[in-house]
Amino acid sequence: MRARWCIAMYSAALAVLVLSGSGTAAAQGQPQWGIDRFPVRGLGGGEAATFRDLLKSEISQRNGVAFVDLGVECPDATCTMQAARQARLRYAVHASIGRLGRKVVVSFAAVDATRGQVLVSDTMSVGSVEELDTLAKRIASTIVDGRPVEQTAQLGEITKEEAKAPVRRDTRSGFSLGPEAIFPTRGYADEQFGVGLGVGLWFESMDFAIEPRLSYRTELSSGGEIYDHVALDLGVYYLMSRTDFSPLLGGGVGVHYLHEEVPVEHQVGTELRSSTSDIIDDSVAGVSGYLRAGMLLLRTYDVSVMLSVDYAINLADFQERSDEQALRISTSVIIGGT
């Protein structure tokens, strides 16, 4: 009985050693960065420690590094650089956190101890400690991407202090207004170039936008070809970036009323010819659809601009055909914030 108990204890101990050894090997396989102990002024030690842990986690998620505690509270990046050299680490992160009135201010820097360089350095502030998690994401993006703070703004990672700039935090609703140019490939009163004007509502989430839109379109022909279109469309677009310059892809469907007039001449006879004039007049209702590719500019602001190219098809019971198609190029101003 005692022998069995000894064998069981030995097996358990061996399993623990194997697991701990494999965990150590995995940890050693990760690149390592150093991080100092942040100086804290006017803030609780627990809140500062939580922010430090959040920052480590956000950076690790972005570049897959493991952090080593340098064991010192450094007043500046130079001190952090020296501590990293002593620990034989190339990269390290320094920060200090303190309260200034109602604001919480964080200064931070990432250093390359081997080359003796400060890779990035900046200061950010939030209105309350509850926003420190958002601040940790922004600082992590800045450190990993090596870009200035103002260039890393994206929806979901914008603080309330920045929102006063004015930059939006999250979703928004507003309205859109803008002109468009129409280049027909089929129909449109014998393929006449035209223009249009649309006004719509704009509902935007983090990654998608919905736009119900009412549009009027007409030709710029100098002849007798005429068309007047009134369309009510519902568009859905995928926004490919949360930064200020976001490509978009999508499309929409709708209903429309179309009025078109095209003058035609008929000739009869071979030797003695006679001609008559007539007008093909279509006043029909139908359905429409379009595909869109474009760019949303100044996305994080309350006033944005959308540049887009559509390929549209209108289905209706015309006298001589069942559809018409066109390429549309449009510009819209989108006004509305959170």
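Considering only the stretch 41-53, I want to know if a residue exists there that is of a type in the set (Ser, Thr, Tyr) and in contact (Cβ under 8 Å) with a residue 60 or more places away in the chain. Write out each step before concluding.
Quick first cut of the stretch 41-53, residues of a type in the set (Ser, Thr, Tyr) only: 50.
Add one more test, that the residue is in contact (Cβ under 8 Å) with a residue 60 or more places away in the chain, and what stays is 50.
Yes, there is a match, as at least one residue in the stretch 41-53 is of a type in the set (Ser, Thr, Tyr) and in contact (Cβ under 8 Å) with a residue 60 or more places away in the chain.
When Ala140 is evaluated against the numbered criteria (1) modelled with pLDDT of 80 or more; (2) touching a strand residue (DSSP E or B) at 6+ places or on another chain (Cβ under 7 Å); (3) small (Gly, Ala, Ser), which criterion, by number, is the only one it fails?
Only one criterion is unmet by Ala140, namely (2).
Tally up the residues in the stretch 216-236 that are among the hydroxyl-bearing types (Ser, Thr, Tyr) and out of contact with any Asp or Glu (no Cβ under 7 Å at 6 or more places or on another chain), please. Break it down into steps so the answer makes sense when it comes.
The initial filter retains those residues of the stretch 216-236 that are among the hydroxyl-bearing types (Ser, Thr, Tyr), namely 216, 218, 221-222, 227.
So of that shortlist, the ones also out of contact with any Asp or Glu (no Cβ under 7 Å at 6 or more places or on another chain) come out as 216, 221-222.
Matching residues across the stretch 216-236 total 3.
Looking for whichever is open to solvent by less than 70 Å² (accessible area, probe 1.4 Å), out of contact with any Ser or Thr (no Cβ under 7 Å at 6 or more places or on another chain) and modelled with pLDDT of 95 or more here; the options are Ala209, Ala163. Which one fits? Show your work before the answer.
Working: Ala163 fails: modelled with pLDDT of 95 or more.
From the options Ala209, Ala163, the qualifying one is Ala209.
Would the stretch 259-269 turn up any residue that is surrounded by 13 or more Cβ atoms within 10 Å (Cβ to Cβ), modelled with pLDDT of 95 or more and of a type in the set (A, V, I, L, M)? Before you say what the answer is, go through the steps one by one.
Step one: of the stretch 259-269, the residues surrounded by 13 or more Cβ atoms within 10 Å (Cβ to Cβ) are 259-263.
Okay, now just the ones that are also modelled with pLDDT of 95 or more, so none.
There is no residue in the stretch 259-269 that is surrounded by 13 or more Cβ atoms within 10 Å (Cβ to Cβ), modelled with pLDDT of 95 or more and of a type in the set (A, V, I, L, M).
Please pick out the residue among Arg90, Arg102, Arg37 that is of a type outside the set (Gly, Ala, Ser), modelled with pLDDT under 90 and surrounded by 12 or more Cβ atoms within 10 Å (Cβ to Cβ).
Numbers: Arg90 fails: modelled with pLDDT under 90; Arg102 fails: surrounded by 12 or more Cβ atoms within 10 Å (Cβ to Cβ).
Among Arg90, Arg102, Arg37, only Arg37 is of a type outside the set (Gly, Ala, Ser), modelled with pLDDT under 90 and surrounded by 12 or more Cβ atoms within 10 Å (Cβ to Cβ).
Could you count how many residues in the stretch 223-240 are surrounded by fewer than 17 Cβ atoms within 10 Å (Cβ to Cβ) and either closer than 18 Å to Ile210 by Cβ or touching a Ser or Thr at 6+ places or on another chain (Cβ under 9 Å) (or both)?
Number satisfying all stated conditions: 7.
Filter the stretch 60-86 down to the residues that are touching a strand residue (DSSP E or B) at 6+ places or on another chain (Cβ under 8 Å), open to solvent by less than 80 Å² (accessible area, probe 1.4 Å) and in a loop (DSSP other than H, G, I, E, B) and list them by number.
Within the stretch 60-86, Val65, Leu70, Cys74, Asp76 meet the criteria.
Within the stretch 40-80, how many residues turn out to be of a type in the set (Asp, Glu) and touching a helix residue (DSSP H, G or I) at 6+ places or on another chain (Cβ under 6 Å)?
Looking only at the stretch 40-80, we keep the residues that are of a type in the set (Asp, Glu), and these are 47, 53, 58, 69, 73, 76.
Right, trim to touching a helix residue (DSSP H, G or I) at 6+ places or on another chain (Cβ under 6 Å) and you get 47, 58.
Within the stretch 40-80, residues that are of a type in the set (Asp, Glu) and touching a helix residue (DSSP H, G or I) at 6+ places or on another chain (Cβ under 6 Å) number 2.
Taking the condition of being at negative phi and open to solvent by 10 Å² or more (accessible area, probe 1.4 Å), how many residues in the stretch 175-191 meet it?
Qualifying residue count, the stretch 175-191: 9.
The values are calculated or read from the model by the stated rules, or taken from the named source; none is laboratory data. The shown structure was predicted, so the numbers you read here are calculated from the model rather than taken from an experiment. So basically every Cβ, Gly included, is an ideal-geometry build from the backbone, and we count neighbours across all protein chains shown. Note: areas computed on protein heavy atoms with side chains; ligands, DNA, RNA excluded. Shrake-Rupley method; radii C 1.70, N 1.55, O 1.52, S 1.80 Å.
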